[in-house]
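**Student:** Input: one structure, supplied below.
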Amino acid sequence: MIKFLLELFVLYIVYKFVFELVLPVYQATKQIKKKMDHASQQMNQQQSNTYTNNNSSASTPNKNKSDIGGGDYIEFEEVK
């Protein structure tokens, strides 16, 4: 009789361990992995869109390249 009760107790402990720890951790891991995959896909899509946009704008010539370097040189004094 005691052996039967001990077996029931061990089965109960295993049941609690599986359904209160192992299964929730597995489900959370699965959900997090799915969200990470989705975020990775979105990031790759945005990068490819940015890459195609940059390539199309890079192929068009700039209007005024002289405006980039044009400006007065300002001399400064070091303050101690």
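**Student:** Can you put Lys34, Lys3 in order, fewest other beta carbons within 10 Å first? Can you show the working numbers first?
**Tutor:** Numbers: Lys34 10, Lys3 7.
If I rank by nearby Cβ atoms, fewest first, I get Lys3, Lys34.
**Student:** Next question, about the same structure. Measuring from label point to label point, each 7 Å out along Cα→Cβ, what is the Gln45 to Thr29 span in nm?
**Tutor:** Between Gln45 and Thr29, the simple spin-label model gives 2.8 nm.
Laboratory data are not the source of any read-out in this text; all were calculated from the coordinates shown. Please read these numbers as outputs of a predicted model, since none were measured by experiment. Note that each Cβ is placed from the backbone with ideal geometry, even for glycine, and that neighbours are counted across all protein chains shown.
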